[in-house]
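Right, one structure below, let's go through it.
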Amino acid sequence: MRISLPARRIVVACAALMMTAGVAACSSDEAGTSPASTSSSAAAQTVDVAALKARLPERVRTSGTLIVGTNAPFAPMEFEQDGELTGFDIDLVEAIAQTLELNTDIRQSPFPQLLPDVQSGAVDMAARGLFDTRSREQLVDMVTYMRAGTQWAQRTGSGVEPENACGKKVGAEADTVQLTVELPAKSQACKAVGEERIDVVAFDSEQAAMDGLLAGEVDAISADSPVIRYSARRSGGRIEAVDNAFDTQPYAFPVAKGSPLAPVLQQVIQHLIDTGEMKALADRWGLQGLIAASTVNAAIN
């Protein structure tokens, strides 16, 4: 796509700001365009369930229940349908628990409370499309399971450009990477080239942000690419995704720092990747971003 001169200056300024800050919030690449490779013998691979269960934290092992914190709506990762929680993350958590012969107790709490609940032991892990970042790794251990990126949405035909949005009003959910890192960096980049800052608007949820966009409260919203694509597909043509996803990073499940649950989760997720069950779940929800290998604490920013 052609970028106007002001946009080119903004991209350069933003890159410089990001190098100084040690984060990446202005690069552009497509999430999930390269499918993960799998071993030809993967389907026959099995896990030693008894050995994995023996390595679980004592509370999980003795209760037989995995307590998981989440926050809905965040479709298609987790949301309520007919009074029940559903979504990709929910399906994946259930697949993990089934592999380990555990029950699940999935509890909702405010998004900002998810990591503190993991740290305090109120829940064993959290599931809510959380990016694996170095700042989060300082608080919890992060076990990766797929990749996603940031993407913008606009009212159909609006013509908003993420790299040339100076003076625009752009919304994002509170406490997300988009609100705390991406949009402030882009707004500062506008100021650095003498343009009007982006007016950054915080919403309580992704659904509230989508409603605000439809109501004309903002020109665009920035969110995780799976959320943007899912919302656009279900909007009846009123909302459209803008360009491709950028700043792709792994999604990860946070667990308490140093918890033996992290390596167990990593091994089970790898099993689900290798056997193709992860791909089947992703296909069910129309998701891209499959990874070849699950990792623990592999953030690059």
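Is one or more of the residues making up segment 111-124 crowded, with 24+ Cβ neighbours inside 10 Å, touching a residue at least 12 places away in the same chain (Cβ under 8 Å) and aromatic (Phe, Trp, Tyr)?
For segment 111-124, residues crowded, with 24+ Cβ neighbours inside 10 Å, touching a residue at least 12 places away in the same chain (Cβ under 8 Å) and aromatic (Phe, Trp, Tyr): absent.
Could you tell me which of the residues VAL68, VAL23, VAL47 is out of contact with any Leu (no Cβ under 8 Å at 6 or more places or on another chain), under 17 Å from ALA262 (Cβ atoms), at pLDDT below 90 and among the β-branched types (Val, Ile, Thr)?
Of VAL68, VAL23, VAL47, the one residue that is out of contact with any Leu (no Cβ under 8 Å at 6 or more places or on another chain), under 17 Å from ALA262 (Cβ atoms), at pLDDT below 90 and among the β-branched types (Val, Ile, Thr) is VAL47.
For segment 87-105, indicate whether the set of residues that are among the hydroxyl-bearing types (Ser, Thr, Tyr), more than 17 Å from the chain's Cα centre (by Cα) and modelled with pLDDT of 95 or more is non-empty.
Yes, there is a match, as at least one residue in segment 87-105 is among the hydroxyl-bearing types (Ser, Thr, Tyr), more than 17 Å from the chain's Cα centre (by Cα) and modelled with pLDDT of 95 or more.
Restricting attention to segment 46-87, and to residues there that are touching a residue at least 40 places away in the same chain (Cβ under 8 Å) and of a type in the set (D, E, K, R), which single residue is least open to solvent (accessible area, probe 1.4 Å)?
Selected residue: GLU78.
Can you tell me which residue is modelled with the highest pLDDT among those in segment 117-160 that are in contact with a Phe, Trp or Tyr (Cβ under 9 Å, 6 or more places away or on another chain) and part of a loop (DSSP other than H, G, I, E, B)?
ALA127
Select from segment 243-281 the residues that are at pLDDT 95 or above, more than 27 Å from GLN113 (Cα to Cα) and not in a helix (DSSP H, G or I) and list them in ascending order.
Within segment 243-281, THR275, GLY276 meet the criteria.
Would you point out the residue of segment 176-226, among those that are part of a loop (DSSP other than H, G, I, E, B) and without any contact (Cβ under 8 Å) to a residue 40 or more places away in the chain, that is farthest from ALA75 (Cα to Cα)? Full working, then the answer.
To start, the set of residues in segment 176-226 that are part of a loop (DSSP other than H, G, I, E, B) comprises 176, 193-198, 204-205, 215-219.
Right, trim to without any contact (Cβ under 8 Å) to a residue 40 or more places away in the chain and you get 194, 196-198, 204, 215.
Values: GLY194: 38, GLU196: 33, ARG197: 30, ILE198: 26, ASP204: 15, ALA215: 20 Å.
Going through the qualifying residues, I end up with GLY194.
Residue check, LYS186 against (1) over 19 Å from the mean Cα position of the chain (by Cα); (2) surrounded by fewer than 23 Cβ atoms within 10 Å (Cβ to Cβ); (3) not small (Gly, Ala, Ser), all met but one. Which one?
So LYS186 meets the others, but not (2).
Suppose the filter is open to solvent by 50 Å² or more (accessible area, probe 1.4 Å) and at pLDDT 95 or above; does ALA202 pass it?
yes
Kindly evaluate SER235 against the criterion of being surrounded by fewer than 24 Cβ atoms within 10 Å (Cβ to Cβ), outside any strand (DSSP E or B), at pLDDT 95 or above and not hydrophobic (A, V, I, L, M, F, W, C).
Judged against the criteria, SER235 is not a match.
Given the conditions (1) of a type outside the set (Gly, Ala, Ser); (2) open to solvent by less than 20 Å² (accessible area, probe 1.4 Å); (3) more than 16 Å from the chain's Cα centre (by Cα), report the number of the one that GLN138 does not fulfil.
Going through (1) of a type outside the set (Gly, Ala, Ser); (2) open to solvent by less than 20 Å² (accessible area, probe 1.4 Å); (3) more than 16 Å from the chain's Cα centre (by Cα) one by one, GLN138 breaks only (2).
Name the single residue that is least open to solvent (accessible area, probe 1.4 Å) among those in segment 282-293 being within 15 Å of ALA148 (Cβ to Cβ) and in a loop (DSSP other than H, G, I, E, B).
Per the stated criteria, the residue is GLY289.
Hey, could you check segment 243-263 for residues that are within 17 Å of ALA292 (Cα to Cα) and hydrophobic (A, V, I, L, M, F, W, C) and say which is surrounded by the fewest Cβ atoms within 10 Å (Cβ to Cβ)?
It comes out as PHE253.
Any idea which residue in segment 57-89 is farthest from ALA148 (Cα to Cα), counting only those that are in a strand (DSSP E or B) and of a type in the set (Asp, Glu)?
Restricting to residues being in a strand (DSSP E or B) and of a type in the set (Asp, Glu), the top hit is GLU84.
The values are calculated or read from the model by the stated rules, or taken from the named source; none is laboratory data. All values reported here derive from a predicted model rather than from experimental measurement. Glycine also receives a Cβ, built like all others from the backbone with ideal geometry; neighbour counts cover every protein chain displayed. Areas reflect the complete protein model, heavy atoms only, side chains present, ligands, DNA and RNA absent. Shrake-Rupley method; radii C 1.70, N 1.55, O 1.52, S 1.80 Å.
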